[in-house]
1. Give me the pairs: first residue in region 27-39 and without any contact (Cβ under 8 Å) to a residue 12 or more places away in the chain and surrounded by fewer than 19 Cβ atoms within 10 Å (Cβ to Cβ), second residue among the β-branched types (Val, Ile, Thr) and not in a strand (DSSP E or B), beta-carbon distance under 6 Å, and six or more apart or on different chains, which are they?
2. Being touching a helix residue (DSSP H, G or I) at 6+ places or on another chain (Cβ under 7 Å), closer than 23 Å to Asp114 by Cα and at pLDDT 90 or above narrows it down to one residue among Tyr98, Tyr31; which is it?
3. What number of residues in region 161-176 are surrounded by fewer than 19 Cβ atoms within 10 Å (Cβ to Cβ) and modelled with pLDDT of 95 or more?
4. Looking at (1) crowded, with 24+ Cβ neighbours inside 10 Å; (2) farther than 22 Å from Asn249 by Cβ; (3) acidic (Asp, Glu), which is the only condition Asp267 fails?
5. Go through region 240-291 and give me each residue that's of a type in the set (D, E, K, R), in a helix (DSSP H, G or I) and under 29 Å from Asn311 (Cβ atoms).
6. Looking at region 284-313, I want the residues that are under 17 Å from Gly402 (Cα atoms) and free of Cβ contacts under 8 Å to residues at least 12 places away in the same chain and have a partner that is in a loop (DSSP other than H, G, I, E, B) and among the polar types (S, T, N, Q) with Cβ atoms under 9 Å, at least 6 apart or on another chain. Which pairs are those?
7. Scan region 94-119 for residues that are aliphatic (A, V, I, L, M) and free of Cβ contacts under 8 Å to residues at least 60 places away in the same chain and jot them down.
8. Determine if region 233-245 includes at least one residue that is within 20 Å of Asn176 (Cβ to Cβ) and modelled with pLDDT under 95.
Amino acid sequence: MGKVYKLVAESPYGNPGWNLDDKEIIIYDQYDLWAIKADGSSFRRLTHGRESKISYRIADLPNKNTANLIYDGLQSNTVDLEKELFLRAEAGDGKTGYFKWKSDSDVKPIVFGDRYTDEFSYNSKKRNFFYREQEFGLPPRLVSKEDSSEAKLFFQSNPQHYNYNWGTSELIEFQNSKRQDLKGVLFYPANYDPKKKYPMIVHVYELQSKELHRYINPTYYNEIGFSPTIFTSKGYFVFLPDIIHENGNPGISATDCVVAGTRRIIDLGLVNSNKIGLIGHSFGGYETAFIITQTELFATAVAGASVTDLNSFYFTVGWNTGRPDMWRFQSEQWKMVNTPFEDPLGYQRNSPITSADNVTTPLLLWTGKEDQQVDWHQSIEYYLALRRLGKKNTMLLYPKEGHSILNPTNQKDLMDRVQQWFGFYLKDELPTAWVSQGIE
């Protein structure tokens, strides 16, 4: 008997379940739903989103997992394709919403537009709909809609929002060196003046363009020391570029995408190219620590809870899971494909610490001393390497904190320090004592 593979949500696009009679399995591709006979004899396409670049997913499953645990094992969801379905829709230009689907007709929109729409529900007759919608400049609100009537607002959150200046968001398109089409979100400063050029902070972490229409409540009590609306309110542009990782080259490909996106913003003439900062946490912290070994584009950087040596991290244990961290590398986030024994040069090439001597960007590192997801000694290693090389960097260690900062006092402390760090390097503000002493 050959090897048995379980079809689970981590498959390329996933499968929401089976048809009611178990004769067809439902499969997602990038845009559409397909029903495929269990014996592979035939298939049918249920939606036509590819032509309009709209991704459809079933919205009204019993739960969001592809399988439920029961006493006898795993039980997949079942979907009656003879009945009306509700589909969630997301377009590449940031539009979101919900559609009706029937087997004998095309999809029909319930709500779809330039807002982020979620929390969709309906009454027993499926004729009254309720959902939440928001934009970067529109606080979340609850809306009701009858089948063919206009939507009605019945609750608006954050009424105080309209007493304050706010920025705007824009979807930016760019290409990396491999001519792959990418997107990013650019948040404008509050009270933006087109006659001025502003400093900019680039936040990195895989795919972020879906944040285009998310309302981000400004708060100092943040787990990672970063809030776009805090920085836009203080006169910064904030850019969130998408990153596509290449197998075997997570650091190299991240650098390619981030540099290309940042140069696209520079070409727009909005920002001061000498006052651009970089920030990331966790995998984004790794990307930040690596990118500054490859380019002098950024005036300063902040990296939180970072992996800095892929070889040593491969052989550590993630105590939050109790598993060796090597599982992350072959097929998960790191996409290294091979082991350090099979591709030693690849692990060295993509490790920030290997190229620490190239760093010219002043770096602020931070980590929790009880981080059980990324060994906090990874930050220690990089800090010591940079200090030994005479590079400008300092590090914040938070006792009794894990992978993210949870104590409110420490959250505000980190947010304050990140602002002070960027203020010194990007806005020429006077340095606080800890900044000037830390980089001596």
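The values are calculated or read from the model by the stated rules, or taken from the named source; none is laboratory data. Note that the structure is predicted; figures quoted are calculated from it, not measured. With ideal geometry, Cβ positions are generated from the backbone for all residues, glycine too; neighbour counts draw on all protein chains shown.
1. none
2. Numbers: Tyr98 fails: touching a helix residue (DSSP H, G or I) at 6+ places or on another chain (Cβ under 7 Å).
Going through Tyr98, Tyr31 in turn, just one is touching a helix residue (DSSP H, G or I) at 6+ places or on another chain (Cβ under 7 Å), closer than 23 Å to Asp114 by Cα and at pLDDT 90 or above: Tyr31.
3. Summing the residues that are surrounded by fewer than 19 Cβ atoms within 10 Å (Cβ to Cβ) and modelled with pLDDT of 95 or more in region 161-176 gives 5.
4. (1)
5. Initially, region 240-291 is screened for residues of a type in the set (D, E, K, R), giving 242, 246, 256, 263-264, 267, 275, 287.
Pick out the ones that are also in a helix (DSSP H, G or I) and you get 256, 263-264, 267, 287.
Once the filter is applied, which keeps residues that are of a type in the set (D, E, K, R), in a helix (DSSP H, G or I) and under 29 Å from Asn311 (Cβ atoms), region 240-291 yields Asp256, Glu287.
6. Between residues of region 284-313 that are under 17 Å from Gly402 (Cα atoms) and free of Cβ contacts under 8 Å to residues at least 12 places away in the same chain and residues that are in a loop (DSSP other than H, G, I, E, B) and among the polar types (S, T, N, Q), there is no close pair.
7. Taking region 94-119 first, the residues aliphatic (A, V, I, L, M) are 107, 110-111.
If the condition is that a residue be aliphatic (A, V, I, L, M) and free of Cβ contacts under 8 Å to residues at least 60 places away in the same chain, then Ile110, Val111 are the ones that fit.
8. Our first condition is that a residue be within 20 Å of Asn176 (Cβ to Cβ); within region 233-245, this holds for 239-245.
When the remaining residues are screened for being modelled with pLDDT under 95, the result is 244-245.
Yes - at least one qualifying residue is present in region 233-245.
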